[in-house]
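J.: Below you will find the structure I want to go over with you.
Here, each number is a calculation from the coordinates, and none is a lab measurement. Computed from a prediction, not measured in an experiment: that's the story for all the values here. Note that each Cβ is placed from the backbone with ideal geometry, even for glycine, and that neighbours are counted across all protein chains shown.
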Amino acid sequence: MDSTMVTSSSSWGQALLRISPYTFSAIGIAISIGVSVLGAAWGIYITGSSLIGAAIKAPRITSKNLISVIFCEAVAIYGVIVAIILQTKLDSVPKSKIYDPESMRAGYAIFASGIIVGFANLVCGCALSDAQNSTLFVKILVIEIFGSALGLFGVIVGIIMSAQATWPTK
């Protein structure tokens, strides 16, 4: 066996260690806002299309079911707020300390925070996407409130995790 051949597990580990923590931070911030907006868009799409169909049958329920759209818009706002919070966590680090364990921990914390917030808001947006039957409005509203609570829970966990992101001092 040739000694220059590297096993696949060590090459993946080395590849991940050579990626800058700033890259992980930027990806986490992008996932936070991008996936949150995707969840909101999914919820608005489904809710809006069912609202159009329901408004043709019974126009009086249109304003009542707009609450679903407002909840979906809040999901996108959660993602924007957390992305701004995560953006403020980025600090400049000297090149000699960019791969220190403290820098890596800060980058991974921002990355994980962005993933948690993004996917919690994606699930929240998908849970909010139902307003087809006007007789079930109160029951659907309760489900939407629990879905929004799930999105808020993701935001809270993301903010707590981002508190772990401390970059090394100069």
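J.: Eight or more residues apart or on different chains, and alpha-carbon atoms under 25 Å: count the Lys pairs in the chain matching that.
T.: Working: LYS57/LYS139; LYS64/LYS139; LYS89/LYS97; LYS89/LYS170; LYS95/LYS170; LYS97/LYS170.
Within the chain, the lysine pair count is 6.
J.: Let me ask something else about it. Counting other beta carbons within 10 Å of each residue's own, what order do CYS72, CYS126 fall into, fewest first? Please list the in-between numbers first.
T.: Numbers: CYS72 28, CYS126 17.
The fewest-first ordering by Cβ neighbours comes to CYS126, CYS72.
J.: Here is a follow-up. Sort largest first and round to whole Å: the equivalent ellipsoid semi-axes of the range 20-162, each the square root of five times a Cα gyration tensor eigenvalue. Mind showing how you got there, number by number?
T.: On the way: eigenvalues 293, 28, 16 Å².
Value: 38, 12, 9 Å, ordered largest first.
J.: Taking neighbour counts of Cβ atoms within 10 Å as a proxy for exposure, in what order, fewest first, do TYR108, TYR45 appear? All intermediate terms of the calculation are to be shown ahead of the outcome.
T.: Values: TYR108 17, TYR45 13.
Ascending Cβ contact count within 10 Å gives the list TYR45, TYR108.
J.: Follow-up. For the range 79-124, go through all pairs of different Cα atoms, get the mean of 1/r, take its inverse, and jot down that Kirkwood value in Å. Please list the in-between numbers first.
T.: Details: mean 1/r = 0.0860 Å⁻¹.
One over the average 1/r among Cα pairs gives 11.6 Å for the range 79-124.
J.: Here's something else I'd like to know. Could I have the simple spin-label model distance between ALA55 and ARG105, label points 7 Å from Cα toward Cβ, reported in nm to one decimal?
T.: If labels sit at ALA55 and ARG105, their model points lie 5.3 nm apart.
J.: Assign unit charges at the C-beta atoms only (+1 for Lys and Arg, -1 for Asp and Glu), then state the dipole size of the chain relative to its Cα centre in Debye, rounded to the nearest 20. Working shown, then result.
T.: On the way: 10 positive and 7 negative charges, 52 e Å.
Dipole size: approximately 260 debye.
J.: Comparing ALA41, ALA74, ALA58, which has the greatest mean-square fluctuation in the GNM of the chain with Cα pairs linked when under 10 Å apart?
T.: Comparing ALA41, ALA74, ALA58 in a Gaussian network model of the chain, the most mobile one is ALA58.
J.: On a 0 to 90° scale, report how tilted helix 8-18 is relative to the longest principal axis of the chain, with both axes built from alpha carbons and the result rounded to the nearest 10.
T.: So the helix axis and the longest Cα principal axis differ by about 90 degrees.
J.: While we're looking at this one, here's another question. How long is the gain from THR166 to ILE19 if the chain were fully straight, where each residue apart is worth 0.36 nm and the alpha carbon distance is subtracted?
T.: On the way: separation 147, 0.36 × 147 = 52.92 nm, distance 1.81 nm.
Taking THR166 through ILE19 to full extension adds about 51.1 nm, to one decimal.
J.: What distance in nm separates the simple spin-label points at LYS64 and ILE145, each placed 7 Å from Cα in the Cβ direction?
T.: Computed distance between label sites LYS64 and ILE145 equals 1.7 nm.
J.: While we're looking at this one, here's another question. Please order LYS64, LYS95, LYS139 by the number of other Cβ within 10 Å, starting at the fewest. Could you put the intermediate results ahead of the total?
T.: On the way: LYS64 14, LYS95 6, LYS139 10.
Listing LYS64, LYS95, LYS139 from fewest to most nearby Cβ atoms yields LYS95, LYS139, LYS64.
J.: Further, regarding this structure: Please check: in the Gaussian network model of the chain (C-alpha springs, under 10 Å), which one of THR47, THR88, THR23 has the largest mean-square fluctuation.
T.: Between THR47, THR88, THR23, it is THR88 that shows the largest mean-square fluctuation.
J.: Normalised by the residues of the range 20-162, what does the relative contact order come to in percent, with Cα pairs under 8 Å and at least six apart?
T.: The value is 41 percent.
J.: Based solely on its DSSP helices, what 222 nm [θ] is calculated for the chain when runs of n ≥ 4 H residues each add -39,500 (n - 2.57) and the sum is averaged over all residues, nearest 500 deg cm²/dmol? Intermediate results must be reported in sequence, preceding the final value.
T.: Values: 5 runs with 128 residues, N = 170.
Calculated mean residue ellipticity at 222 nm is -27000 deg cm²/dmol.
J.: Report the label-to-label distance for GLU73 and THR88 in nanometres (one decimal), using points 7 Å from each Cα along the Cα→Cβ vector.
T.: 2.4 nm
J.: Right, next: Using a Gaussian network for the chain with springs between C-alpha atoms less than 10 Å apart, which of these wobbles most: LEU17, LEU128, LEU38?
T.: So, out of LEU17, LEU128, LEU38, the one fluctuating most is LEU17.
J.: Now, a different point. With point charges of +1 on the Cβ of Lys and Arg and -1 on the Cβ of Asp and Glu, referenced to the Cα centre of the chain, which listed residue (TRP12, ALA54, TYR108) lies farthest in the positive direction of the dipole?
T.: ALA54
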